[in-house]
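Notes to accompany the following structure.
A short reminder: the numbers here are calculations on the coordinates, not readings from a lab. In this text the structure is predicted, and so the values were computed from the model without any measurement. Please note: Cβ atoms are built from the backbone with ideal geometry, for glycine as well, and neighbour counts cover all protein chains shown.
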Amino acid sequence: MSNIETIVIVGAGQAGASAILELRGNKYEGNIILIGDEVHLPYERPPLSKDVILKPEETKVEILSEEKLATLGVTHICGNGVVKINPEEKTVELQKGDVIAYDKLLLATGGAARRLPNFDALGQRIYTLRNLEDSQALVPVLQAGQRIVLIGGGVIGLELASSARFKDCQVTVIEMGPMVMGRSSPQILSEFLLAQQRLAGVDVRLNSTINHYHLDGETVVITLATGEQLRADAVIYGIGIVPNAQLAVDAGLAVDSAIQVNEHCQTSHPDIYAAGDVATQLRADGQYRRVETWENANLQAGIFARHVMSVEHPKANPAWFWTDQLDINYQFVGDMAAAEWIVRGEIRPELRAASSFVLFGVTDGVIVGGITVNAAKDMRHLKKMIGKQVIFDAEKHLDVLQDLRKIA
């Protein structure tokens, strides 16, 4: 490793911070330079839709403090992002004109909120949520009695709906599809999620499209395809992200919707890697897929660090993510497109935050996915079952008197 004197990490988010910890944890002793275009220390994003809004004074989101970065021997450049990569010279150019050389480069630039320009043109009553400033801007907006319209019934939309209801806002969610969280959850759970939102007073409109919108004084007026008009004090939209891959495009790297990387997180240039939301990774089935989760950012950062250090990768765990909504914790692992979903316990939406159950995702008789609802202690056992390709046994796995730990 003596020829790897300097590693540059572009992007001071979850993947970038995790890469630093993995490199030092694997005894890398060279220079690490972390470059971010934001002015903040590395911070995590999951709290942005929840605690940063609900408890702004007591919520800390930073992953690495100044003291920790100093202890790790990291040079942190903030508010001065990379504008160009020179792969052959192995340098990056910064906004303020600095040129920095690297031996290995990690792109962990994440993504930006997918925009609705015509909505944005309405002005300051239109919001998105992607970074810390976005979250902080919503704190004075989400106040009791305010009429909030959320466009998009995915994870962010439902988490924001939950936060807005906790702040006693009047909340409407507009979703074009037939399900909430339709991209990331099976129908049986989507129905439960929908029931929870409606029981909490959220007006969820499925299969809804917007025909027109305009400002009427201080109010945003949205006209649906049905002709119905919704009046809002603020509109927040969350319709996905666009990977921040332009640096890679300009550098001539292979890019589809994001930066293509192999199983080692290497791009088409062997000294340049990518990890997190900006990377679309080659999977075992020969397809490239991008995964937008906290866990995946950490996983790919670890793959990068170990490959640079010539350390063997551990066996990958099944994909896992979570969401907290209306005081209910949901955790997901494995294949959400399993052929059938079977309930362990009882689904009782009326119990609200007291609800607790497990879902087994089964394909060809094998447990390939799992979901816990207020049953986080069972998630580790579901991960183990999926990893071991356990055959589903209804008599055993659905018996709530049996400890999953003992049958995993």
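If R0 is 25 Å, the Cβ-Cβ spacing of Ala137 and Asp216 corresponds to a FRET efficiency of close to 0.65. Summing +1 for each Lys or Arg and -1 for each Asp or Glu, what net charge is found among the other residues whose Cβ lies under 12 Å from the Cβ of Glu175? Here the charged neighbours net out to +1. Please work out the FRET efficiency for the pair Leu199 and Ala284, using the Cβ-Cβ distance as r and a Förster radius of 35 Å; give the result to the nearest 0.05. Once rounded, the FRET efficiency stands at 0.30. In the range 163-298, the convex hull through the Cα atoms has an average projected area of 11.9 nm², a quarter of its surface area. Each Cα pair of the range 1-106 feeds into the Kirkwood radius, which the Stokes-Einstein equation turns, at 20 °C and 1.002 mPa s, into a diffusion coefficient of 146 µm²/s. Between the C-alpha center of the range 328-372 and that of the range 197-265 there is a gap of 27 Å. Out of every Cα-Cα pair that the range 184-241 contains, those further apart than 20 angstrom amount to 42 percent. Output the Kirkwood hydrodynamic radius of the range 146-217, Cα pairs only, in Å rounded to one decimal. The Cα-based Kirkwood calculation yields 12.4 Å.
Calculated on the alpha-carbon coordinates, the convex hull of the range 342-408 measures out at 76 cubic angstrom per residue. The length gained by stretching the chain between Lys60 and Glu29 to full extension, at 0.36 nm per residue less their Cα-Cα distance, is 8.2 nm. Only helical runs count toward this figure. For the chain, summing -39,500 (n - 2.57) over DSSP H runs of n ≥ 4 and dividing by all residues gives -6000 deg cm²/dmol at 222 nm.
The aspartates and glutamates within cross-link reach of Lys68, meaning a Cα-to-Cα straight distance under 16 Å and a gap of 8 or more places when in the same chain, are Glu22, Glu29, Glu44.
Kirkwood Rh over alpha-carbon pairs of the range 93-147, then Stokes-Einstein at 4 °C and 1.567 mPa s: what D in µm² s⁻¹, rounded to an integer? Once the numbers are plugged in, D ends up at 87 µm²/s.
The orientation-averaged projected area of the convex hull spanned by the Cα atoms of the range 14-71 comes to 4.7 nm². Remark: for residue pairs Lys84/Lys104; Lys55/Lys384; Lys315/Lys384, the C-alpha separation exceeds 24 Å in Lys55/Lys384. Here each label is just a point 7 Å from Cα along the line to Cβ, and for Glu350 and Val242 those points are 4.8 nm apart.
Computed over the chain, the quotient of the alpha carbon radius of gyration and 2.2 N^0.38 Å is 1.04. Relative to the compact-globule estimate of 2.2 N^0.38 Å, the Cα radius of gyration of the range 121-240 comes out at 1.00. Evaluated at q = 0.11, 0.22 Å⁻¹, a Debye calculation over the C-alpha positions of the range 266-394 (equal weights, vacuum) places log10 I(q)/I(0) at -0.48, -1.30.
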